[in-house]
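Take a look at the structure set out below.
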Amino acid sequence: MTRASRRWLFAAVALLALVAVLVAWRAIQTERGIDSAEPVATTTPLAEQGLQGGTLVSPSNTLGAPVPEPATDDADGSPIDPWWRRVPPVAGDLVPIAPLDGIASGHDRSASGHVRIARAGEHLLVRITDLRVASSDTELHDVRVVLSEGTVVGARPGLWTGHEDDDDLGTIPSDVGTITFDLEAPRGVPDPVRSLVLLDPDSGAVLGGAALLPTD
């Protein structure tokens, strides 16, 4: 074989090898399913694209559930509404209260009537109807009305467990009969209010009280 023939032979073998390499590479690419298409352009800023390219992804936990938004506090900074917003209406009947000092008897005083507390928007309406109150050892011209976190238990006479966070609504005539206290945005009332009690404005003695329970 001449020198020229050998050169042509080497060139043919090299060309065949190159063709084989190209065919093999194409076959591998086809098997892997690599798509050589150009990426789609987007005008969405990278900061807004999220982890999924052009879609904004909501935060999620490791289980894939959305992460809840933080709760927004209400006007007084608490995520839970106060008693006067979430519980009323409440109601109860007034009964005489036996003194805790044991000097007088619960039968030496009388108290009757009906108490109802209802919410009207941002107002709390405390209504006392058919009020009758008296004491055998003193003449009562006025009584002091208090909303209390303490409880009234028993009946004729009952017992009242006083509480230091009581809210004084004011003094009213003992013969007023029916009266309504209109409390606007009453953030000073106890939480919860369990009873309404009547006190002697001079001595502070407890005359009567009503246990307040949810009602229609």
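Only the coordinates and a few stated rules stand behind these numbers; no lab work does. Predicted, not measured: the structure shown is a model, and the values here were computed from it. Every residue, glycine among them, receives a Cβ derived from its backbone with ideal geometry; neighbour counts consider all protein chains shown.
Stretching the chain fully between GLN29 and HIS123 yields a gain of 26.3 nm (0.36 nm per residue, less the alpha carbon separation).
Give me the net charge of ASP130's neighbourhood, meaning all other residues with Cβ under 12 Å from the Cβ of ASP130; Lys, Arg count +1, Asp, Glu -1.
Working: positive: ARG116, ARG127, ARG132; negative: ASP93, ASP175.
Net charge in that neighbourhood comes out at +1.
In plain terms, the chain from ARG156 to ASP191 could stretch by 9.9 nm, reckoned as 0.36 nm per residue minus the Cα-Cα distance. Computed packing ranks the peptides 14-21, 180-187 as 180-187, 14-21, most packed first, by mean other Cβ atoms within 10 Å.
Quick check on packing: order 193-203, 168-178 by the mean number of other C-beta atoms within 10 Å, highest mean leading.
Working: 193-203: 21.1, 168-178: 13.8.
Put in order of decreasing packing, that is 193-203, 168-178.
What you get for region 114-186, charging only the Cβ of Lys and Arg (+1) and of Asp and Glu (-1), is a dipole of about 440 debye around the Cα centre.
So if each residue of separation counts as 0.36 nm, and I subtract the Cα-Cα distance between ASP142 and ASP202, what length gain in nm does that give? Don't jump to the answer; show the numbers that get you there.
Details: separation 60, 0.36 × 60 = 21.60 nm, distance 0.92 nm.
Going from the current span to full extension adds 20.7 nm.
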